[in-house]
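Take a look at the structure set out below.
The values are calculated or read from the model by the stated rules, or taken from the named source; none is laboratory data. Since we're looking at a predicted model, the values are computed, not measured. Here Cβ is always computed from backbone atoms with ideal geometry, including for glycine, and neighbour counts include all displayed protein chains. Remember, those area values only see protein heavy atoms, side chains included, never the ligands or the DNA or RNA. Shrake-Rupley method; radii C 1.70, N 1.55, O 1.52, S 1.80 Å.
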Amino acid sequence: MALADFISRCDALAEQAQKAFASADSADALEAVRIEFLGAKGGQLREAQKGLGKVDKADKPAAGKRFNEVKNQVERAFAESQEQLASGKSQAVDTFDVTIPGQPVRIGRLHPITQTIREMKDIMGRLGFTAVEGPEIEDDWHNFEALNIPLSHPARDPLDNFYLGGETASGGSDSPLLLRSQTSTVQIRVMENTPPPVRIISLGRVYRPDTADATHYPMFHQIEGLLVDRGVTMADLKSVLRLFCQSYFGGDDEVHVRFRPSFFPFTEPSVEVDMNWRDAAGNSGWMEMGGAGMVDPNVLRAVGYDPEEVTGFAFGLGVERICMRQHGITDIRALYQNDVRFLEQF
Ligand code: PHE
């Protein structure tokens, strides 16, 4: 037998024996382990000793030395175990080393879009707006009809919407369901169920069949705001949007909000909202944030409100755009590729 084989057999035996003695937790168990390793007949140590005879003559001194060491180790393990049992101490307690460094825990992070959404909810919450949610699968009434988008309107084009093939809205209507193309649907859902005044925001996913590129993605998020009460004006809209942008981006620097005339079927008058703010890198310039306007009387009527009694404003802003601008992200696709190296930065 080669010396190396003999030695590795001895080492394995020593390790096994030490473990077995350490875990013997009763006198009977200890005796069984003693017989297994130290037994005069057929004990493992005795068996290993037989191997000593088969080692080459020149290697005998080295082999014998190692064997004796192992024998001492095993006998010591037996003696220690015996002592511990006698003193009534549980070995498990003794062998727990609290100073061993633990496994580091990998801490997850919130997605940058989720962080942006939470911050927006927080800011708007302080301005008195309650966050509500609506379904992502919508019917014709909430996505179009009640928002003053008639049947003939190009916004309903199948090329601009994700219609769900074959599905129709419940309640007997035969109009198709679709993935909502805007969060304005939630305005209708809230107003249908609550008498004025209302002051809500809704944040969520919307879907449009755009080809993905640096600034487009077929799914993105909007923040929708709606305030309906007596005497609400465009000035209130602009103040709320300016306060919102100032709180989100501002710090000490001033943020400017600009309105450009526009058209949406559900608001009159309608505007595009732009914002200007100098970021940490010194970049500034007008950025399009989304659309807004005064809720169209037809919409108020559709939900049973009296446009002679109350007026309201609504806005819908792109969450990705704001998040990207805040962090200097230049490609929207990076937000949805789930590359941990990217996500770890936020
Ligand atoms: N729903 C519009 C869009 O998706 C934005 C908008 C919301 C405009 C509310 C006016 C009022 O483009």
Exercise for review: Could you please give the count of residues in segment 41-63 that are open to solvent by 70 Å² or more (accessible area, probe 1.4 Å), more than 15 Å from C10 (Cα to Cα) and free of Cβ contacts under 8 Å to residues at least 12 places away in the same chain?
Suggested key: 3
Practice item. Working only within segment 278-291, note down all residues that are in contact with a Ser or Thr (Cβ under 8 Å, 6 or more places away or on another chain) and open to solvent by 20 Å² or more (accessible area, probe 1.4 Å). Key: R278
Study note, to complete from the structure: When (1) part of a helix (DSSP H, G or I); (2) more than 11 Å from the ligand (Cβ to nearest atom); (3) under 37 Å from the mean Cα position of the chain (by Cα) are applied to M275, the one that fails is (1)
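Hey, among D157, D140, which residue is more than 13 Å from the ligand (Cβ to nearest atom) and open to solvent by less than 40 Å² (accessible area, probe 1.4 Å)?
Working: D157 fails: open to solvent by less than 40 Å² (accessible area, probe 1.4 Å).
Among D157, D140, only D140 is more than 13 Å from the ligand (Cβ to nearest atom) and open to solvent by less than 40 Å² (accessible area, probe 1.4 Å).
If we keep just the residues of segment 304-343 that are small (G, A, S) and away from the ligand (no atom under 16 Å from the Cβ), which is least open to solvent (accessible area, probe 1.4 Å)?
Among residues in segment 304-343 that are small (G, A, S) and away from the ligand (no atom under 16 Å from the Cβ), the one least open to solvent (accessible area, probe 1.4 Å) is A334.
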Exercise for review: With respect to M294, determine if the residue is buried (at least 19 other Cβ atoms within 10 Å of the Cβ), in contact with a Cys (Cβ under 9 Å, 6 or more places away or on another chain) and assigned to a strand (DSSP E or B).
Suggested key: no
Review point. Tell me, which residue of segment 246-267 that is part of a helix (DSSP H, G or I) and either among the aliphatic types (A, V, I, L, M) or closer than 16 Å to N283 by Cα (or both) is modelled with the highest pLDDT?
Key: F249
Review point. Does segment 160-192 hold any residues that are open to solvent by 80 Å² or more (accessible area, probe 1.4 Å), away from the ligand (no atom under 14 Å from the Cβ) and either within 32 Å of the chain's Cα centre (by Cα) or modelled with pLDDT of 95 or more (or both), and which are they?
Key: E167
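Tell me which residues, restricted to segment 255-272, are open to solvent by 30 Å² or more (accessible area, probe 1.4 Å) and within 15 Å of the ligand (Cβ to nearest atom).
Initially, segment 255-272 is screened for residues open to solvent by 30 Å² or more (accessible area, probe 1.4 Å), giving 256, 258-264, 268-269, 272.
Scanning segment 255-272 gives F259, R260, P261, S262, F263, F264, E268, P269, E272.
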Practice item. Identify all residues within segment 223-246 that are farther than 15 Å from G293 by Cα and open to solvent by less than 60 Å² (accessible area, probe 1.4 Å); write none if there are none. Key: F244, C245, Q246
Point to revise | Among (1) in contact (Cβ under 8 Å) with a residue 12 or more places away in the chain; (2) open to solvent by 60 Å² or more (accessible area, probe 1.4 Å); (3) closer than 30 Å to A4 by Cα - the single one R66 does not satisfy | key: (2)
